[in-house]
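*Asks:* I am attaching a structure below and will ask some questions about it afterwards.
The values are calculated or read from the model by the stated rules, or taken from the named source; none is laboratory data. These numbers were taken from a predicted model, which means no experiment stands behind them. We place every Cβ from the backbone using ideal geometry, glycine too, and count neighbours over all the protein chains shown. Please note that ligands, DNA and RNA were not included when accessible areas were found on the heavy atoms of the full protein model with its side chains. Shrake-Rupley method; radii C 1.70, N 1.55, O 1.52, S 1.80 Å.
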Amino acid sequence: MIANPTPATPLSSSPAARPSPLCQTTGVSSAVTHNAAMLSAVSAEFVPPRWLRNAHLQTFWPTLLRRNPGIQAERIAIATPDDDELEADWWRGADPGNRLIVLSHGLEGSSRSKYAIGLAQAARASGWDVLAWNYRGCGFRMNRAFRLYHSGETRDLATVIKWGAERYGRIALAGFSVGGNVTLRYLGEAPDSVHPSVERAIAFSVPCDLGASARQLARPPNRIYLVRFMRELKRKIVLKAAQYPGRLDLSRLREARDFVTFDDYFTAPMFGWGGADEYYANASSAPVIGAIRVPTLVVTALDDPFLTPACLPRATATVRVELPQFGGHVGFVDFRDPAGRYWSERRALAWLEEPAHSAQEALGAR
């Protein structure tokens, strides 16, 4: 456990923080160089083997090559106010404690994604219970309601937190990628409405500006990721159209070749927005991060291929930002832990278990 936060280090004087050539392809590193004030710290803790210092290898490795941790969960369904349900995996001990991590997964991921199970296994070993919830349409069966989910879905997260608070006195939030955006959006859009049981949060690889990330993923170097996402999103639209005949225009699917066109044709109309840009403006976490009161850590790798400078949050009294040089998108693979935990899992637990300290925690109290 890290008892004290890593001291702030000027980017220009930190060898570990110098951008690699892969960073420069994203534009993230240049933004950091010219906006060093956005950082409360530059993390130099994550040091992968030299052969793993590649953004795409870090991004692919957990999904394709990590063994699925063998930890069993209880599958539950949480009722929503609109007569739908949110499916979730609940990892708890025989003698449940009083603290719970609510985990939000990434775009087209699920509670069974390897990063979710990895954090759950590490957290259980440290005495936390974990609830990883599935966005509508991402669970074990298609949801009942017409609507699916979007990348700033905070009402469903609030429903899950309320369920958790009825069983636990202390709650921490963890989000990966889009799940990080959902987490930050929840904490910042209506800070007076954040449940008082929520004490801390952590978010990894967050597309804080959804529009910028959507356009970044449309670039040729990222097409391999885009194709996979679009295949899954389109599959769900076909299933939802069969469930609600006449409600969706499937002829538009052929034209939807990237996130912007898909969101123009399907996501935005489903949630009452006029188009993709209006959706991104209303669902991105970047505009509300300054209002967050709960102590929060945001970790983004400088070489993340999904993100641009617009996706980097600005640190505040309660939001700490760490930017490892390497890590890709939701990667952070280093093979340095005898228990097999990835660096992100060790960092998450260190942050969530860090004792209250001085001004940051005081400013985070509500």
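*Asks:* Would you mind giving the three semi-axes, in whole Å and largest first, of the ellipsoid equivalent to the stretch 42-125 according to its Cα gyration tensor?
*Replies:* 29, 17, 13
*Asks:* Roughly how many percent of the accessible protein surface of the stretch 106-162 is carbon and sulfur, given a 1.4 Å probe and a whole-percent answer?
*Replies:* Answer for the stretch 106-162: carbon and sulfur cover 51 percent of the accessible area.
*Asks:* Grab every C-alpha pair in the stretch 222-289, bin the distances at 10 angstrom width from 0 up to the longest one, and report whole percents.
*Replies:* Values per bin, smallest distances first: 20, 47, 28, 5.
*Asks:* What order do you get for 98-107, 328-337, 80-89, 134-143 when each peptide is scored by the mean count of other beta carbon atoms within 10 Å, highest first?
*Replies:* 98-107, 328-337, 134-143, 80-89
*Asks:* Cross-link partners among aspartates and glutamates for LYS234, C-alpha distance below 16 Å, same-chain residues fewer than 8 apart left out?
*Replies:* GLU108, ASP249, GLU255, ASP258, ASP263, ASP264
*Asks:* Here's something else I'd like to know. Take peptides 296-304, 339-347, 278-286, 225-233 and line them up by average Cβ neighbours within 10 Å, highest first, as a rough protection proxy.
*Replies:* The most tightly packed comes first, giving 296-304, 278-286, 339-347, 225-233.
*Asks:* Which distance in nm do the two modelled labels at VAL238 and ASP82 give, with both placed 7 Å along the Cα-to-Cβ direction?
*Replies:* Computed distance between label sites VAL238 and ASP82 equals 2.5 nm.
*Asks:* Beta carbons within 10 angstrom, averaged per residue: use that to sort the peptides 271-277, 310-316, highest first.
*Replies:* 310-316, 271-277
*Asks:* Roll a 1.4 Å probe over the protein chains and send me the accessible area per residue for the stretch 47-118 in Å².
*Replies:* Accessible surface, normalised per residue, equals 48 Å².
*Asks:* Given the alpha-carbon gyration tensor of the stretch 69-206, what are the semi-axes of its equivalent ellipsoid in whole angstrom, ordered largest first, with each equal to the square root of 5 times an eigenvalue?
*Replies:* The equivalent ellipsoid of the stretch 69-206 has semi-axes of 20, 17, 15 Å.
*Asks:* Can you tell me what the convex hull of the Cα atoms of the stretch 213-350 projects to on average, as an area in nm²?
*Replies:* Taking the Cα atoms of the stretch 213-350, their convex hull projects to 11.0 nm² on average.
*Asks:* On the full set of protein chains, 1.4 Å probe, figure out the accessible area of TYR186 and give it in Å² to the nearest 10.
*Replies:* That residue has around 20 Å² of solvent-accessible surface.
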